[in-house]
1. Run down the lysines and flag those whose C-alpha is under 29 Å from the C-alpha of LYS131, throwing out any fewer than 8 positions away in its chain.
2. Give the accessible surface of the range 284-335 per residue, rounded to a whole number of Å², with probe radius 1.4 Å and ligands, DNA and RNA excluded.
3. Just reorder ARG41, ARG124, ARG231 by solvent-accessible area, largest first, 1.4 Å probe, all chains present.
4. R0 = 35 Å: FRET efficiency of LEU80 with ASN294, Cβ-based, nearest 0.05?
5. Give the residue list of chymotrypsin sites (Phe, Trp or Tyr not before Pro) in the range 91-139 that are DSSP loop and have at most 13 other beta-carbon atoms within 10 angstrom.
6. Each label point is 7 Å from the Cα along the Cα-to-Cβ direction; what then is the distance between the points at ARG172 and ASN304, in nm?
7. Cα-based Rg (one decimal) and Dmax (whole number) for the range 1-155, in Å?
8. Within the range 139-174, whose backbone N sits under 17 Å from a point 7 Å along Cα→Cβ of ASN182?
Amino acid sequence: MKIVFFEAEKWECDILQQACCNHEVVFTDEELGTANVGLYRDADIISPFVHSVLDHSVLDCFEHLKFIATRSTGYDHIDLEYCTRNAIPVSNVPVYGDQTVAEHVFALLLAISHKIPEATNRTRKGDFSQKGLQGFDLQGKTLGVIGTGSIGKRVVEIAQGFRLNVLACDPRPDDVFADQYNVSYVDLDRLLEQSDVVTLHVPGSKSAKHLLSDREFARMKRGVVLINTARGSVVDTQALLYALADGKVSAAGLDVLPDEPSIREEAELIRSFFDKKHDLETLFANHVLQHMRNVIVTPHSAFNTKEAVERILKTTGENIVGFIEGAPRNLVNKH
C-alpha cells in the first residue's frame, strides 16, 4: 500500500517509517489541500495533521483512498460525513497530550497573572521599572473548567496545587472524580457567573461552535480571564474582541484561533479575501487579537512536547498497522 504522511517533520519520519516498513511510504512537510492533492491521488492511506483540510473537494481527488489516520485527537478538519458515506474509516489519537496541554493552560495563565510577556519585553529594552506589572495570585480564585475529558481532568488536578476553587461543566459529570478533587459540577451559566478564570476543553464539533459568544461573555464576571487550548471555533472571536475592549474579559490566553493557518502573514489575509475561502471579519479579528497587549496567542503548540509527539507517532503507526491487518482501532466514524 502507498501511505502518505502530510505535515511531517524530518525527525518524525524515521519513527513512522519503521512502523510502516513493509509499504511504500511518502513524507511531505506540506499541508494537504486542493493545491497539492493531485500529487498524491494514488495514495491508499493518508495521515494528515490538523492544518490539512480534508473536505469533499480534496477527498474526491483520491482514486482509491482506503483509510485516514489523523495525527490528532480532533478531526474537525476532515469531512467525516463524506468518509462514512464512501466507506473510508478514519482513526485519531484519542489520548496523547492530556498532561501536556493541561500544563500549557497554566503556562498561559501564569504568563497572564504575572504579566510575563510584557515584563520580559521591557527588560530586554533595559527598562527594569515595575510600573504596570502588578499581577494577581491564583490561590483562592475560582477556575471554571468547561469540559472534563482527559485534558480537563488534568487541569483540575493541577489546579489543586495552586489552591484554586474549581467549578466544572460537562454533559456527563464524573461524580467520583468530583468527590476526589473537590469539584462542583454546575451548569454553564453558573460557571460563567462565578469563575475568575474560564478554560475550555471541548471538541470542535458543530454543536460547540461559538459556545462562548455575546450572551455568554455578558454573564461572566468583570475582569475574567479566558484560556482556550481547545478549538478556535468554540469562541466567537468578534464577541471576544468586544468583551476585551469593554473590560469584561481582562486577558486571554489562546492557543487556537478560527482559520489560524490563514492569518500568518498580512498578505494571506488579503489572499483569503480574494479567494473568498474564509470569513474576512473573523480573520481580521484574529489579527487584532494577536497584537493586543492583554492577549497571549501561541501557534496551536500546546501539544508540542517531545514526549507528546512521540506518543502521537506511536499511536498513529499502530492505527495504520491495525487497519492493514484487519483490526482497525481508534475509529471515529462508522463505515
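1. Of all the lysines, those that pass the test against LYS131 - Cα under 29 Å, at least 8 places apart if same chain - are LYS115, LYS141, LYS221, LYS248.
2. Ligands and nucleic acids excluded, the figure is 55 Å² per residue.
3. ARG124, ARG41, ARG231
4. 0.45
5. PHE128
6. With each label point 7 Å from Cα toward Cβ, the separation is 3.1 nm.
7. Spelled out, the Cα radius of gyration and Dmax of the range 1-155 are 21.5, 63 Å.
8. 139-145, 155-168
The values are calculated or read from the model by the stated rules, or taken from the named source; none is laboratory data. Please read all numbers here as calculations on a predicted model, not as lab measurements. In this analysis, Cβ positions are derived from the backbone assuming ideal geometry, glycine residues included, and neighbour counts consider all displayed protein chains. For accessibility, only protein heavy atoms count, side chains too; no ligands or nucleic acids. Shrake-Rupley method; radii C 1.70, N 1.55, O 1.52, S 1.80 Å.
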